[in-house]
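Notes follow once the structure below has been shown.
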């Protein structure tokens, strides 16, 4: 591999085959991969998506995202006075305690837990509606998640995508070596796994236990990690820790979001890409929201490609030419 290839800032996106713009980006040579995130999808819906993949013949590698221990809403029970939901995992936590929704943008007070830890009853509710499949965050240190790492529904999904020939995966909320071992038992040790670090316990695993292997890659999954850490600025040291422990680590989410509102990226977005590149990241993943619409994703990919072309090659810019005249 040439030095230019080693220095190339790779880009991956998050899509589903049923998206109208999937064929366009699944065959875009500027991308190094497409992540399939099935968090909001049932098993019957997954069957349809896998059939669609066969027809689309993507040339870009596909990665399937498995949820593991991530807390998600399995069912919303109707109640006009307060939020009442069932979780995908049984939990214990001291109550009352605050629960975060919508990537930390909304919240509600958890009043009590029922039905063996799977039913959460709130004092009132969040400002915005929640629905099945959405994630939530409980930051209280007393939180304990019970049961198997993979719920039965998720095991069925894993079996289906393995049968469909997938060998590249993401695993959410990795916090210990046992998570990796259990997952490899289901998908095979020869599969490539991107380990999403999304919690303080995950950062502790990276710091003290993680051992780099050819088929394992860390991911600074900032969408949830930024919510889970104690203080906003802790994200800076977290990102440095992950790339120090794995020079091939990927950074994901919360980037280039300014192009959702305008076709010209913000200065802070471009400066962030430069900082991530300078501290060692050579792989990035765009989040679900940015990839929902063709026009948003098209702008984001164009911006990213223009950035890496200029920043990697050090090609002379207007500013460079101007400085030589001074």
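The values are calculated or read from the model by the stated rules, or taken from the named source; none is laboratory data. Values in this document were obtained by computation on a predicted structure and should not be read as measured data. Glycine gets a Cβ as well: all are built from the backbone with ideal geometry, and neighbour counts include every protein chain shown.
What the table shows:
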{"read-out": "Residue within segment 111-120 that is within 24 Å of residue 64 (Cα to Cα) and buried (at least 18 other Cβ atoms within 10 Å of the Cβ) present", "value": "no"}
{"read-out": "Residue 58 vs. criteria farther than 30 Å from residue 147 by Cα and outside the structural domain of residue 302 (by TED's automatic domain parsing)", "value": "no"}
{"read-out": "Exclusive hit being surrounded by fewer than 17 Cβ atoms within 10 Å (Cβ to Cβ) and in a helix (DSSP H, G or I), set 162, 206, 227", "value": "162"}
{"read-out": "Near pairs, Cβ below 6 angstrom, 6+ apart or cross-chain, from segment 297-326 (over 17 Å from residue 281 (Cβ atoms)) to any residue that is in a helix (DSSP H, G or I) and modelled with pLDDT of 90 or more", "value": "297/291; 299/259"}
{"read-out": "Residue in segment 93-100 that is closer than 30 Å to residue 216 by Cβ, touching a helix residue (DSSP H, G or I) at 6+ places or on another chain (Cβ under 9 Å) and surrounded by 16 or more Cβ atoms within 10 Å (Cβ to Cβ) present", "value": "yes"}
{"read-out": "Out of 170, 82, sole residue that is touching a strand residue (DSSP E or B) at 6+ places or on another chain (Cβ under 6 Å), touching a residue at least 40 places away in the same chain (Cβ under 8 Å) and closer than 28 Å to residue 212 by Cα", "value": "170"}
{"read-out": "Candidates 109, 62, 15 - the one that is at pLDDT 95 or above, touching a strand residue (DSSP E or B) at 6+ places or on another chain (Cβ under 9 Å) and over 24 Å from residue 163 (Cβ atoms)", "value": "109"}
{"read-out": "Boolean, residue 276 is closer than 25 Å to residue 297 by Cβ, under 17 Å from the mean Cα position of the chain (by Cα), touching a residue at least 24 places away in the same chain (Cβ under 8 Å) and part of a helix (DSSP H, G or I)", "value": "yes"}
{"read-out": "Boolean, residue 198 is crowded, with 21+ Cβ neighbours inside 10 Å and either under 18 Å from residue 69 (Cβ atoms) or at pLDDT below 95 (or both)", "value": "yes"}
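Per-residue answers, yes or no, for (1) out of contact with any strand residue (DSSP E or B) (no Cβ under 8 Å at 6 or more places or on another chain); (2) assigned by TED's automatic domain parsing to the domain that holds residue 162; (3) under 18 Å from residue 9 (Cβ atoms):
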{"site": "183", "(1), (2), (3)": "no, yes, no"}
{"site": "191", "(1), (2), (3)": "no, yes, no"}
{"site": "205", "(1), (2), (3)": "no, yes, no"}
{"site": "236", "(1), (2), (3)": "yes, yes, no"}
{"site": "264", "(1), (2), (3)": "yes, yes, no"}
{"site": "276", "(1), (2), (3)": "no, yes, yes"}
